[in-house]
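Okay, so here's the structure we're looking at.
The values are calculated or read from the model by the stated rules, or taken from the named source; none is laboratory data. Values in this document were obtained by computation on a predicted structure and should not be read as measured data. All Cβ positions, glycine included, derive from the backbone under ideal geometry; neighbour counts span all protein chains shown.
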Amino acid sequence: MVQLNAGTCSPTPRAVFNRVTALRQRQAESPTEFQWRDAWSLLRQSRRALASYLHGAESAFALLPNVTVALNIAAAALDFPAGAEILTSDHEYGSILTLFRRLAKHRGWSVKIAEMPSKIEDPEQLVHAFAGAISPATQVLAFSHVSSPSGLVFPAKALVALAKKRGLISIIDGAHAPGQVEVNLTDIDADFYAANCHKWMMAPASVGFLHAGPRHKLAAKSIVSSWGYGYTPDEAEHDAFPGSTRWQYDLEFHGTIDRSPQMVLEEVVNFRQEIGGNAAVFARVQQLSSELRDRLASVHLSPLLPHDRRLVGTMTAFVLPEKYQAGGGFIALPGDSPAQQLQRRLWDRHRIECPTTVCAGKVFLRVSTAWFNTVEELDRLAGALRQEL
């Protein structure tokens, strides 16, 4: 099979898989010891490795199952009177738009969608588009670091600076950023930054995080009532669970679940370094992205974005022909849409995993070129598309 969908979830490296399997073995043999004595130091090691890799504060990380949970926590921390506005873009992930719309409905707020330029050649265009959409009612600037449906890389630091200048809270959906683009959380300085580690960093599934800036950190509280409720979330280390602050305990601990995948981020980061680090990975995927564009040009597919590292990383969105554009403009494609049927045919007939996506009124084929993909696999995709389109 050909995996051109690391943007959803990457395969797990053998060293990481072996480590998480060994932890699960320990948990199965002595679950009380593992869950109540061993877990806390292992989770601290993971937070420390993540903080080092993403240049954030260890105490600002909460390890969570995925970015969706993290963004729900960030959204629940918002507290504005009726009439407030959340500003986001037309390149956002459907479930996160749903989150903001649901919250707005219950709080008497509104969600405003800023339209990004149809032709993007410079990141500054994105800053201008957001700046022009801010109104007196705007309280939150929420955007993706890397757009899930289009692969567009937003200038996170510049947009956070814009938010601060206008007195707005910044919330970043970084689901696709760690491992795909350079991420320096201290430099970006967002109020809330949420992401996954099981995409481009190649952690096991169910590893995400919330990184909260100091201005609004303590407003972020668990959306699940458990043993952390009643503690005053603060920076102090929890009395019974060394390695976790009371704030982290409140957000992370919700009864007995398997947190083994969240305990292996040190191995994830080490593996990343063993294959050459970010520099080697980014050089490899840029080469593959260039090869991909050449091959899909032969089947008359054009990329949405130019081959510019400032605007696109390892996911390239190709605009599908007109017959596949049914469903464009929705936050999710209907299951019986021509594009979804194409995606199923690529898997059923050719064993190629490659999704179709939708945003900004267009339908795309989104191709993830991870470092482990090969030129031969791109040839297979081009051949399959030649038959199917």
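Report yes if some residue within region 45-63 is among the basic types (K, R) and within 26 Å of the chain's Cα centre (by Cα); otherwise report no.
yes
Can you find, within region 207-244, the residue that is surrounded by the most Cβ atoms within 10 Å (Cβ to Cβ) among those that are in a strand (DSSP E or B) and modelled with pLDDT under 85?
Among those that are in a strand (DSSP E or B) and modelled with pLDDT under 85, it is E237.
Please pick out the residue among G83, G56 that is part of a loop (DSSP other than H, G, I, E, B) and buried (at least 17 other Cβ atoms within 10 Å of the Cβ).
Matching residue, one of G83, G56: G56.
Write out, first by first residue and then by second, each pair whose Cβ atoms fall under 7 Å of each other, whose residues are 6+ apart or on separate chains, and whose first residue, in region 111-130, is farther than 15 Å from E85 by Cβ while the second is at pLDDT below 95 and of a type outside the set (F, W, Y).
From residues that are farther than 15 Å from E85 by Cβ, the pairs are M116/A360.
Given K157, K165, which one is over 25 Å from D308 (Cα atoms) and surrounded by fewer than 24 Cβ atoms within 10 Å (Cβ to Cβ)?
When all the criteria are applied, what remains is K165.
I'd like the full set of residues that are farther than 22 Å from D189 by Cα and among the β-branched types (V, I, T), limited to region 90-142.
If the condition is that a residue be farther than 22 Å from D189 by Cα and among the β-branched types (V, I, T), then T98, V111, I113, I120 are the ones that fit.
Consider S30 carefully, then state whether it is out of contact with any strand residue (DSSP E or B) (no Cβ under 7 Å at 6 or more places or on another chain), in the same structural domain as W200 (by TED's automatic domain parsing), surrounded by fewer than 21 Cβ atoms within 10 Å (Cβ to Cβ) and in contact (Cβ under 8 Å) with a residue 60 or more places away in the chain.
No.
Report, by residue number, each residue of region 100-144 that is touching an Asp or Glu at 6+ places or on another chain (Cβ under 7 Å) and assigned to a loop (DSSP other than H, G, I, E, B).
Of everything in region 100-144, those that are touching an Asp or Glu at 6+ places or on another chain (Cβ under 7 Å) and assigned to a loop (DSSP other than H, G, I, E, B) turn out to be W109, E115, M116, S135, A137.
Checking P334 against (1) loosely packed, with under 15 Cβ neighbours inside 10 Å; (2) in a loop (DSSP other than H, G, I, E, B); (3) touching a residue at least 60 places away in the same chain (Cβ under 8 Å), only one condition comes out false. Which one?
All conditions pass for P334, except number (3).
Report, by residue number, each residue of region 341-361 that is buried (at least 18 other Cβ atoms within 10 Å of the Cβ) and either at pLDDT 95 or above or assigned to a strand (DSSP E or B) (or both).
Passing the criteria: L342, Q343, L346, H350, I352, C354, P355, T356, T357, V358, C359.
Just to be sure before I move on: is R101 outside the structural domain of G328 (by TED's automatic domain parsing) and without any contact (Cβ under 8 Å) to a residue 12 or more places away in the chain in the structure I sent?
Criteria met by R101.
Of all residues in region 10-50, how many are touching a Ser or Thr at 6+ places or on another chain (Cβ under 7 Å) and within 30 Å of T369 (Cβ to Cβ)?
1
If you take the residues of region 362-382 that are in a loop (DSSP other than H, G, I, E, B) and within 19 Å of the chain's Cα centre (by Cα), which of them is surrounded by the most Cβ atoms within 10 Å (Cβ to Cβ)?
The qualifying residue surrounded by the most Cβ atoms within 10 Å (Cβ to Cβ) is T369.
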